[in-house]
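Everything on this sheet refers to the single structure shown next.
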Amino acid sequence: MKALAFLLLILPMLLACDNKASNENSGSKIVARVGDVYINDSELNFQIKKLTGLSTLSYDQKKIRDNVLESMVLSKLMSQEQKMMMNSDELFDLEQEVNAYREERLTQKYLSEQVVANPPSKQQVKAFYESNLHRFGGGDYAHVEYWVLSQACQFKNNAQLSNKQLKKQLLKSGCNQSQHVASELKNKLAKTLGIDAKNIIKNKAFWFTAKEGQKVAFIKSTEQRKAKPLVEVVANIRKMLAPMQLKTAIAETKSHLIKEMEIEYFD
């Protein structure tokens, strides 16, 4: 039962094996033949190491070798049977998938071994911190009460009304459909309202149109929150900048590779 469980466990990983691999390595001892396809010792050892992490097996572990070999045999049987059932278009598509996977693996290996991303400098970390204080608990915020007005609202806005008076008139006119309170970054809110962030001050009201319809943003208050000290978030910032550094390294590598190899595009 254990042998069968092990077989079922590793079978899915073996189904992706290339049937040509064993035939191309003629210098290795043949350990099995499945129809027109051979399994050689080097292919078997590769699968054993891949599945167990062991380069060599002791005499007591011979059962593992036998189980892996049996799984490979079953894989070859299934793959050959499937290949015979596929038409030329399906086989072509499969070949494209195999080629794409091979190229992806080669690219990943090149990226991991040849492309080195430089760690962000102190200046880069500081600049990111100062430009993204809101990510670390800081920034200028506004506490806003949003009112969504009904479509039938015919109220004429009077800029001279205070927020309290405006709310009273909207309620009297039956314009208030719904409302909610939120805390927003002033810069983000300013973009939504189409105004300068410096104009967002306490007791101001701004009319604007959103997907819900006509709305009014009543500014209840504003506050400046203090971000965590830079020293406490340096490690997180370096992680955030890592993809950007890698992107830069890839761009530099691309520029270098293009100089080494001729590239031509065709219409």
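Of all residues in the stretch 225-242, none that is acidic (D, E) and modelled with pLDDT of 95 or more has its Cβ atom under 6 Å from the Cβ atom of a residue that is part of a helix (DSSP H, G or I) and open to solvent by 40 Å² or more (accessible area, probe 1.4 Å), 6 or more apart or on another chain. Contact annotation: residue pairs with Cβ atoms under 7 Å, 6 or more positions apart or on different chains, pairing a residue in the stretch 167-184 that is closer than 17 Å to Q214 by Cβ with a partner that is of a type outside the set (G, A, S) and open to solvent by 50 Å² or more (accessible area, probe 1.4 Å), are Q169/L161.
Can you say whether G174 is within 34 Å of the chain's Cα centre (by Cα) and farther than 29 Å from S121 by Cα, as far as the supplied structure shows? So G174 does not fit the description; no.
Please pick out the residue among K83, K62 that is closer than 20 Å to Y101 by Cα and modelled with pLDDT of 50 or more. Show your work before the answer.
Numbers: K62 fails: closer than 20 Å to Y101 by Cα.
Being closer than 20 Å to Y101 by Cα and modelled with pLDDT of 50 or more holds for just one of K83, K62, which is K83.
Mind listing just one residue for me: the one in the stretch 127-184 that is in a helix (DSSP H, G or I) and in contact with a Cys (Cβ under 9 Å, 6 or more places away or on another chain) and, of those, surrounded by the fewest Cβ atoms within 10 Å (Cβ to Cβ)? So that I can check it myself, show each step before the final result.
If we filter the stretch 127-184 for residues that are in a helix (DSSP H, G or I), which is where we start, we get 127-131, 133-136, 163-172.
Going one step further and asking which of them are in contact with a Cys (Cβ under 9 Å, 6 or more places away or on another chain), we end up with 169-170.
Values: Q169: 15, L170: 20.
It comes out as Q169.
For the stretch 227-244, filtering for residues that are outside any helix (DSSP H, G or I) and open to solvent by 70 Å² or more (accessible area, probe 1.4 Å) leaves 1.
Quick check, is E103 closer than 27 Å to H256 by Cβ, modelled with pLDDT of 95 or more and open to solvent by 90 Å² or more (accessible area, probe 1.4 Å)?
Spelling it out, E103 is indeed closer than 27 Å to H256 by Cβ, modelled with pLDDT of 95 or more and open to solvent by 90 Å² or more (accessible area, probe 1.4 Å).
If only residues of the stretch 61-82 that are in contact (Cβ under 8 Å) with a residue 40 or more places away in the chain and open to solvent by 90 Å² or more (accessible area, probe 1.4 Å) are counted, the one that is farthest from I48 (Cα to Cα) is L77. Within the stretch 189-197, not a single residue is exposed (fewer than 15 other Cβ atoms within 10 Å of the Cβ), outside any helix (DSSP H, G or I) and in contact (Cβ under 8 Å) with a residue 60 or more places away in the chain. Quick one: would you say K220 is open to solvent by 60 Å² or more (accessible area, probe 1.4 Å), free of Cβ contacts under 8 Å to residues at least 60 places away in the same chain, outside any helix (DSSP H, G or I) and within 27 Å of K156 (Cα to Cα)? Spelling it out, it is not the case that K220 is open to solvent by 60 Å² or more (accessible area, probe 1.4 Å), free of Cβ contacts under 8 Å to residues at least 60 places away in the same chain, outside any helix (DSSP H, G or I) and within 27 Å of K156 (Cα to Cα).
The values are calculated or read from the model by the stated rules, or taken from the named source; none is laboratory data. Because the structure is a prediction, the values reported are computed rather than measured. Cβ: placed from backbone, ideal geometry, glycine included. Neighbour counts: every protein chain shown. Accessible surface areas use protein heavy atoms only, side chains included; no ligands, DNA or RNA. Shrake-Rupley method; radii C 1.70, N 1.55, O 1.52, S 1.80 Å.
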